[in-house]
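Rule-based calculations on the coordinates, nothing more; no lab input. Just so you know, these numbers come straight off a predicted model, no measurement behind them. No Cβ is skipped: glycine too gets one built from the backbone with ideal geometry, and neighbour counts run over all protein chains shown.
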Amino acid sequence: MPYRVEIDAPALKQLEKLDRQVRERLQAAIRKLADDPRPPGCRLLVGRPGYRIKVAKDWRVIYTVADGVALVLVIELGHRREVYR
């Protein structure tokens with residue numbers, strides 16, 4: 001059963017600010033979360049709830065998974081030096 005993927009408003013603003021190539025790569029990775037919310041290489045975060053996936057080596061997508069309602073909520077995305085702050 002595919003999950004519904006939603007992007008939180010602050011994460012959507014971050015996505016819109018990025019250049020086209022990076023934005024397309026992040027959007028493709030986010031779309032794939034609908035089929036597999038915990039893909040190989042995802043990590044459970046320490047210190048806060050959620051998971052992270054790497055995209056294009058330096059970009060991260062931080063998200064939570066609600067299995068009961070089949071929902072993936074993207075909380076934050078950005079460059080690796082900024083996203084964990």
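The spacing between segment 48-85 and segment 24-41, judged by their C-alpha centroids, is 10 Å. Give the aspartates and glutamates reachable from K17 as a straight Cα distance under 15 Å; neighbours fewer than 8 places away on the same chain don't count. Cα-Cα hits under 15 Å: D8, E76, E82. Helix 20-32 against the longest principal axis of the chain: what's the angle in degrees, Cα atoms only, rounded to the nearest 10? Between helix and principal axis, roughly 10 degrees. Counted residue by residue at 0.36 nm each, then reduced by the alpha carbon distance between them, the extension gain from R4 to L71 reaches 23.6 nm. Rounded to the nearest 20 debye, the dipole magnitude of the chain is 360 debye, with +1 charges on Lys and Arg beta carbons, -1 on Asp and Glu beta carbons, and the Cα centre as origin.
Between R38, R48, R23, where does the largest GNM mean-square fluctuation fall for the chain, given springs only between Cα atoms within less than 10 Å? Top of the fluctuation ranking is R48.
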